[in-house]
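Please read the structure below before turning to the comments.
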Amino acid sequence: MAKLLTIAVPAYNMETYLGRCLDSILLDEIKEYLEVLLVNDGSKDNTLAIAQDYEQKYPDILKVIDKPNGGWGTAINKAIELASGKYFKILDSDDWFDSNALVGFIGLLDTIDVDLVATSFSYEYTSGGNKNDIYPIELCNRVIHFDDYLRQNNHDKHLPMATITFRTKLLQNNHITVAEKYYADIDYNLTPLFFVKTIFFSQINLYKYWIGREGQSTSLEGYSSHIDDFLKMSQKIVLFYKEYNSSCNNDIKIAIEKDLLNILKFSYYLLLSPQFAGKKQSSVNKCRNFDSFLRKEVPFFYQRLNQVKVKKIIPYILIWRKLGFNILNLRLWI
C-alpha cells in the first residue's frame, strides 16, 4: 500500500530531544499510512545511534538516512528526493506532534486531494506554558482555491512551517530545493507557493513548536552568527522569483512579493543594525554587494525598498543609499 504521509525529521546533535519527537509519531495504528524519513546531518553525539535503535523497532515506518553535515536545508532536500508519501510534512527533531491529532490528520488526508494542507499548531515554551495558533472555523474544512484565499485576505497569509503539508509531487515535479543552511524554512515556506492551486485549512492542532532552546537560529545569537546564511537564502528566493513570477497567478505573485519584500528589508536590518552586525566594516561591504545584486537582478524590488513610509518618513535603507548614513547606529559609513 502506498504511503499517505511522509514526515521528514532533520536531525543534528539532537540526542536529548529525539526520543520525544519520534515517540510522538511512530504509532502502530497508522503505520500503513506513514513514512518517516529521519535524516541525520552528520551529528557528533548519539543522535544516529538513537535513530537506528528506533529504526529497528519500527522498520515499517522509519527509515534513517545518514549523511555528512551540510545544514538543515540539505537534510530537507534529501527527504524531498526520497519521499514516497502522497503528502510531505517537516517535523524538526526538537519539536513533536500531538499523537492523537496525528491519527486524526491521517484520517483527514485520506479524504482530500489538495496541493497544501494547513493545520493549526501551538507554541510550547521552555519556561512552561503554551500558546495555541488555531485557524478560524469559517476558513476550515473545505477546499479553497489558493488565489481566492489570498485575494480575500488582502494577499496576506498565515502559513508558517509548522502548519504546512505539501503534496509531495508538487515539490518533486517542480524540482523544489531549499537553501542549504540556516533559514531554509523561509525558503520552504515561500517558493513552493508559486505552484499551489488548492488549499485546505484545519483546526487539527498537530505541531508542537518548542520555543526558547539555546542556540535556535531565530534567537539573537542565531541571527548574529548566521547573517551570511540569511543573505544567501534571500538571494536564492530573489532568483527563484525572477524565474517564475511571470508564470504564476497574479494573486499568488502579489502575496509572494509582499513576503519577499519583508525578507529583503530584514536582510538590510541585519546588516545595518548594530545589534547584529552594523558596526563591522565587513557588513558595510556585504550591504553594498547585496544592494548591487538587487539593482541588477530585480530593479523592481530595489526601487520598492526606497519607498517613503507612513507620514513621509524616509526609510533607513534610502538614507543609507543616498547619504551613506546609517540611522540605526547613528554613524557615517566609511
Debye log10 I(q)/I(0) for region 71-222, one point scatterer per Cα, at q = 0.11, 0.13, 0.15, 0.17 Å⁻¹: -0.43, -0.61, -0.83, -1.08
Helix 99-109 vs. the chain, principal-axis angle (Cα, 0 to 90°, nearest 10): 90
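Find the relative contact order for region 20-64 and round it to a whole percent, using C-alpha pairs within less than 8 Å whose residues are 6+ positions apart.
Details: 33 pairs, mean separation 21.9, N = 45.
Computed over region 20-64, the figure is 49 percent.
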Charge-dipole axis of the chain as Lys and Arg at +1 and Asp and Glu at -1 on Cβ define it, positive-most pick from LEU231, ILE144, THR168: LEU231
Inter-label distance for ILE327 and ASN141, nm, one decimal - labels placed 7 Å from Cα along Cα-to-Cβ: 5.0
Degrees between helix 250-272 axis and first principal axis of the chain (Cα, 0 to 90, nearest 10): 60
Dipole magnitude (debye, nearest 20) for the chain, charges at Cβ of Lys, Arg, Asp, Glu: 2120
Average Cα contact separation per residue, the chain, under 8 Å, 6 or more apart, as relative contact order %: 16
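Taking the Cα centre as origin and putting +1 on Lys and Arg beta-carbons and -1 on Asp and Glu beta-carbons, what dipole magnitude results for region 118-222, to the nearest 20 debye?
In debye, rounded to 20, region 118-222 gives about 340.
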Positive-end residue, the chain charge dipole about Cα centroid, Cβ charges, pick of ILE134, PHE194, GLY73: PHE194
Which of PHE105, LEU22, SER43, positive extreme of dipole for region 3-130 (C-beta unit charges): SER43
Measure of compaction for region 235-281 (Cα Rg per 2.2 N^0.38 Å): 1.46
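Quick one: net charge around ASN249, please, counting Lys, Arg +1 and Asp, Glu -1 for every other residue with C-beta under 14 Å from its C-beta. Walk me through the numbers on the way to the answer.
Details: positive: ARG151, LYS157, LYS197, LYS253; negative: ASP115, ASP147, ASP148, ASP251, GLU257.
Charge balance in the 14 Å sphere: -1.
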Apportionment of accessible area to carbon and sulfur, the chain, percent (1.4 Å): 50
Heavy atoms of ARG321 accessible to a 1.4 Å probe, total area in Å² rounded to 10: 50
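Could you put HIS158, HIS175 in order of accessible surface area, largest first, with the 1.4 Å probe and the full protein assembly present? Show your work: numbers first, answer last.
Values: HIS158 70, HIS175 145 Å².
Solvent-accessible surface, decreasing: HIS175, HIS158.
Can you give the relative contact order of region 1-82 as a percent, counting alpha carbon pairs under 8 Å and 6+ residues apart?
After rounding, I find 36 percent.
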Zero-based 5 Å bins, Cα pair distances in region 138-186, whole percents: 4, 14, 17, 27, 20, 12, 5, 0
Nitroxide proxy distance, nm - points 7 Å out along Cα→Cβ at LYS265 and ALA2: 4.3
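Hey, what's region 28-178 come to in accessible area per residue, 1.4 Å probe, Å²? Before the final figure, lay out the partial values.
Values: 6740 Å² over 151 residues.
It amounts to 45 Å² per residue over region 28-178.
Sorted from largest to smallest, which semi-axis lengths in Å does the alpha carbon gyration tensor of the chain give for its equivalent ellipsoid, taking the root of 5 times each eigenvalue? Please list the in-between numbers first.
Details: eigenvalues 257, 116, 63 Å².
Equivalent ellipsoid of the chain: 36, 24, 18 Å, largest first.
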Computed lengthening from GLN172 to ILE134, 0.36 nm per intervening residue step minus Cα-Cα distance: 10.8 nm
Acute angle (nearest 10 degrees) that the helix 47-57 long axis makes with the longest principal axis of the chain, alpha-carbon atoms: 30
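The values are calculated or read from the model by the stated rules, or taken from the named source; none is laboratory data. Predicted model, so just to flag it, every value in this text is computed and none were measured. Every residue, glycine as well, gets a Cβ built from its backbone with ideal geometry; the counts of neighbours run over all protein chains shown. SASA here: full protein model, heavy atoms, side chains in, ligands and nucleic acids out. Shrake-Rupley method; radii C 1.70, N 1.55, O 1.52, S 1.80 Å.
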